[in-house]
Amino acid sequence: MIKPRIAIFDFACCEGCQLQIVNMEEELLSLLEHVQPVEWREAMSDQSDDYDIAIVEGSITREEDANRLREIRKRAKTLIALGACATLGGVNKLKNLFDLEEVKTAVYAESASLPILETATVQALHEVVDVDYRIEGCPIDAAELTYVIKCLLIGRAPAPPNYPVCVECKLAENVCRYDYDEICLGPITRAGCRARCPSNAFWCFGCRGPVDDPNVHAATQVMEQYGKTVEDLKVKLTLFGTQ
Amino acid sequence: MGIKLVARARLDAWVDSLVQQQTVYGAQAKGDRFAFDRLERASALRLDYDVTILPPKKYFQPQREVIMRFNRKTVEFESVIDEEPFVLFGVHPYDMVAISQMDKVFTMNQFDKHYMARRANATIVVSSVETASSSVFAACMNNATMRGKSGHDVLITKLPSGHYVVDPRTEKGDNLCEGLAEAPEANAEALDAREKVLNQNEKSLRKYELRVLPEDLPALLDRSRSHPVWQEKAELCYSCGSCNFVCPTCYCFDVEDEMGWDMETGHRVRKWDGCMLVDFAAVAGGHNFRSKRSARYSHRYYRKGKYSWDTYGEISCVGCGRCITACTANIANPVEIFNTLAEAPQ
Ligand code: SF4
Ligand code: SF4
Ligand code: SF4
Ligand code: SF4
Ligand code: SF4
């Protein structure tokens, strides 16, 4: 069997998702028996223009990034968005809530006007190019990456969960965060993280993005029953739900 | 062995010796709530629990279980059967009723050897309810006590005096209670006190009052297909399946193959699934039999109050009240729905 050539790229992000790949250890060695990495800045020095699968981390914040991404898209047969920055725009999209010039001055002070610091509205990968598969999460769960790669290797379409985090949370038999008077985004967020946060006594902040058809109407109505407001809900949604 | 009257210290000593000898799962505290978990010592056992987050069905049909190992290349496969005997300690009567129903379901059309192996390996100690949960309505469904019911191996009931009546009901139960041989027999007074506890439970385990008889639910549901309540409530439904997963009589599952890295060997896993989830009724070709939220929403009630009646002659809502608390949208109360349907003019 010819091993598919795989390349990993990153844009604006913390590289935490790639770190999850590095941390796979033994699982990573098994994976590498089936694919051939040809470019991966975090782990190797080679560069390549020829690959079958491109795994792309991070969000797009500059026109030159958008162009580089279009170039990657052209070369890759399959493009996988890795992590919340890539699939949703992630925390980087908080920038979109402010005026761009203000943001630049706040971050770079006097140097803000340097051309190299040019910045634009943050976009997720699918807002720039077609994305074949998404691996959600901030950070990703490495088990989901292995699942997707295995599917590609045996020629099956990966099917990420299209049900809310509550499913995995119930399977883990957690006490619901609503019992503690907290707002949890679990009911509208896509599962796949094994309910990581509620399993560790924290509400879900929606890092895996919404399910296909989230019942936002229900979420707003339900707030009142818990003595909360729609504003309270919106605040929780800002982190990973900013457009 | 006869019925025993057991002081708390002796009960604890007995449980402590049981956990030394075998695998015991018992009701224990989990945060502010309760869950069945592996019991390490008697002091962790909370027979005063109100309700566990998940029902004990997880020990017969685990959330995720490997049912087969296979080799794609040689086309060899072998079933995986769980052989370990275990004790389930402190099951409430409504959950025991549910287990007995699941026994029917898993043997009805096809004998499910994975489920039945665990079932045969289990010794079940039912505990009469000591604390009513905030949403239990088992009494409305005639499931507040074990009166007239079977399936359990031992019944233990705490008396107001603080002593326990331990009542072995089967040979397995007798064997389990061997360690209590020295305890005194329960006298007439103790048995009388037990009857009073059971009478009391039949009164108090109804935090909601069902205004129809359980046996009238099939007919009620039959004439209520176009009731506006389905649409109305469905608008608030997240399709999160919490009401399914916490239900002791929801048994739907999905089967999936997981491949090893050699790309030859793998295993088949069975996982919990629920009819409230969007993709539950989706079939190959992209068709979804219940793509509408309202169709999924009503299905659960039909399943509990009519379809189970039609297929195995029982109402499959046992009245545990778990779905009521588990639903973050507060729309999953079967009593509320059935009463609403009953109010409609016929
Ligand atoms: S998704 Fe989260 S962990 Fe991954 S790169 Fe972005 S910020 Fe880092
Ligand atoms: S804690 Fe959150 S994810 Fe878990 S059941 Fe409650 S709402 Fe759902
Ligand atoms: S529980 Fe929610 S916030 Fe936490 S990892 Fe899962 S999707 Fe992300
Ligand atoms: S439908 Fe609700 S109350 Fe009835 S048995 Fe299931 S979880 Fe318990
Ligand atoms: S628990 Fe409530 S919101 Fe979730 S699927 Fe059931 S009825 Fe709908």
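Of the residues B:Glu178, B:Glu185, B:Glu235, which single one is farther than 24 Å from B:Cys320 by Cα and within 16 Å of ligand 5 (Cβ to nearest atom)?
Values: B:Glu178 fails: within 16 Å of ligand 5 (Cβ to nearest atom); B:Glu185 fails: within 16 Å of ligand 5 (Cβ to nearest atom).
The unique qualifying residue is B:Glu235.
Filtering the stretch B:312-340 down to residues that are aliphatic (A, V, I, L, M), away from every other protein chain (no Cβ under 13 Å) and not in a loop (DSSP other than H, G, I, E, B), which residue is farthest from ligand 3 (Cβ to nearest atom)?
B:Val335
Examine the stretch A:133-151 for a residue that is within 16 Å of ligand 1 (Cβ to nearest atom), basic (Lys, Arg), open to solvent by less than 50 Å² (accessible area, probe 1.4 Å) and in contact (Cβ under 8 Å) with a residue 24 or more places away in the chain, and state whether such a residue exists.
From the stretch A:133-151, those within 16 Å of ligand 1 (Cβ to nearest atom) are A:133-145, A:148; that's our starting set.
Those left that are additionally basic (Lys, Arg): A:134.
Still in the running and open to solvent by less than 50 Å² (accessible area, probe 1.4 Å): none.
For the stretch A:133-151, residues within 16 Å of ligand 1 (Cβ to nearest atom), basic (Lys, Arg), open to solvent by less than 50 Å² (accessible area, probe 1.4 Å) and in contact (Cβ under 8 Å) with a residue 24 or more places away in the chain: absent.
From the list B:Val212, B:Val255, B:Val197, exactly one residue is open to solvent by 10 Å² or more (accessible area, probe 1.4 Å), of a type in the set (A, V, I, L, M) and assigned to a strand (DSSP E or B). Which is it?
Values: B:Val212 fails: assigned to a strand (DSSP E or B); B:Val197 fails: assigned to a strand (DSSP E or B).
Among B:Val212, B:Val255, B:Val197, only B:Val255 is open to solvent by 10 Å² or more (accessible area, probe 1.4 Å), of a type in the set (A, V, I, L, M) and assigned to a strand (DSSP E or B).
Please tell me if B:Cys247 is in a helix (DSSP H, G or I) and within 16 Å of ligand 5 (Cβ to nearest atom). If you could, list the steps in order and put the result at the bottom.
Details: in a helix (DSSP H, G or I): no; within 16 Å of ligand 5 (Cβ to nearest atom): yes.
No: the conditions fail for B:Cys247.
Tell me, yes or no, whether the stretch B:66-89 has at least one residue that is open to solvent by 40 Å² or more (accessible area, probe 1.4 Å) and within 14 Å of chain A (Cβ to nearest Cβ).
Yes.
Has the stretch A:231-240 got any residue that is open to solvent by 50 Å² or more (accessible area, probe 1.4 Å), part of a helix (DSSP H, G or I), closer than 15 Å to B:Cys240 by Cα and out of contact with any Ser or Thr (no Cβ under 9 Å at 6 or more places or on another chain)?
no
Out of everything in the stretch A:1-17 that is within 11 Å of A:Ile53 (Cβ to Cβ) and more than 21 Å from the chain's Cα centre (by Cα), what residue ends up being least open to solvent (accessible area, probe 1.4 Å)?
Restricting to residues being within 11 Å of A:Ile53 (Cβ to Cβ) and more than 21 Å from the chain's Cα centre (by Cα), the top hit is A:Pro4.
Show the residue pairs that are 6+ apart or on different chains and have beta-carbon atoms under 7 Å apart, the first residue being within the stretch A:161-184 and more than 7 Å from chain B (Cβ to nearest Cβ) and under 21 Å from A:Gly137 (Cβ atoms), the second being part of a loop (DSSP other than H, G, I, E, B) and within 14 Å of ligand 5 (Cβ to nearest atom).
Partner pairs satisfying both residue conditions: A:Pro161/A:Ala191; A:Val165/A:Ala191; A:Glu168/A:Ala191; A:Arg177/A:Cys184.
Can you pull out the residues in the stretch A:103-114 that are surrounded by 10 or more Cβ atoms within 10 Å (Cβ to Cβ) and either among the basic types (Lys, Arg) or more than 16 Å from A:Thr242 (Cβ to Cβ) (or both)? Explain how you work it out, then say what you get.
If we filter the stretch A:103-114 for residues that are surrounded by 10 or more Cβ atoms within 10 Å (Cβ to Cβ), which is where we start, we get A:103-108, A:111-114.
The answer is A:Lys104, A:Thr105, A:Ala106, A:Val107, A:Tyr108, A:Ser111, A:Ala112, A:Ser113, A:Leu114.
May I ask you to verify whether B:Ser226 is within 14 Å of another protein chain (Cβ to nearest Cβ) and of a type in the set (S, T, N, Q)?
Numbers: within 14 Å of another protein chain (Cβ to nearest Cβ): no; of a type in the set (S, T, N, Q): yes.
No.
Inside the stretch A:18-60, can you point out the residues that are in contact with a helix residue (DSSP H, G or I) (Cβ under 8 Å, 6 or more places away or on another chain), touching a residue at least 60 places away in the same chain (Cβ under 8 Å), open to solvent by 20 Å² or more (accessible area, probe 1.4 Å) and more than 14 Å from chain B (Cβ to nearest Cβ)?
Within the stretch A:18-60, A:Gln20, A:Asn23 qualify.
Would you be able to tell me the number of residues in the stretch B:102-131 that are under 17 Å from B:Gly321 (Cα atoms) and surrounded by fewer than 20 Cβ atoms within 10 Å (Cβ to Cβ)?
Narrowing the stretch B:102-131 to residues under 17 Å from B:Gly321 (Cα atoms): B:128-131.
With surrounded by fewer than 20 Cβ atoms within 10 Å (Cβ to Cβ) added as a condition, the list becomes B:130-131.
Residues flagged as under 17 Å from B:Gly321 (Cα atoms) and surrounded by fewer than 20 Cβ atoms within 10 Å (Cβ to Cβ) within the stretch B:102-131 amount to 2.
Looking only at the stretch B:229-250, which residues are more than 15 Å from B:Tyr302 (Cα to Cα) and either more than 12 Å from every other protein chain (Cβ to nearest Cβ) or touching a Cys at 6+ places or on another chain (Cβ under 8 Å) (or both)?
Scanning the stretch B:229-250 gives B:Tyr238, B:Cys240, B:Gly241, B:Ser242, B:Val246, B:Pro248.
Check whether at least one residue in the stretch B:143-152 is touching a strand residue (DSSP E or B) at 6+ places or on another chain (Cβ under 7 Å), of a type in the set (A, V, I, L, M, F, W, C), in contact (Cβ under 8 Å) with a residue 24 or more places away in the chain and in the same structural domain as B:Gly90 (by TED's automatic domain parsing), and report yes or no.
yes
When you scan the stretch B:166-179, how many residues do you find that are part of a strand (DSSP E or B) and closer than 20 Å to B:Asp16 by Cβ?
Narrowing the stretch B:166-179 to residues part of a strand (DSSP E or B): B:166-168.
When the remaining residues are screened for being closer than 20 Å to B:Asp16 by Cβ, the result is B:166, B:168.
Number of matching residues: 2.
The values are calculated or read from the model by the stated rules, or taken from the named source; none is laboratory data. Bear in mind that the values here come from a model prediction, so they are computed numbers and not experimental data. Glycine gets a Cβ as well: all are built from the backbone with ideal geometry, and neighbour counts include every protein chain shown. When the accessible area is computed, the model is the full protein with side chains, heavy atoms only, and any ligands, DNA or RNA have been set aside. Shrake-Rupley method; radii C 1.70, N 1.55, O 1.52, S 1.80 Å.
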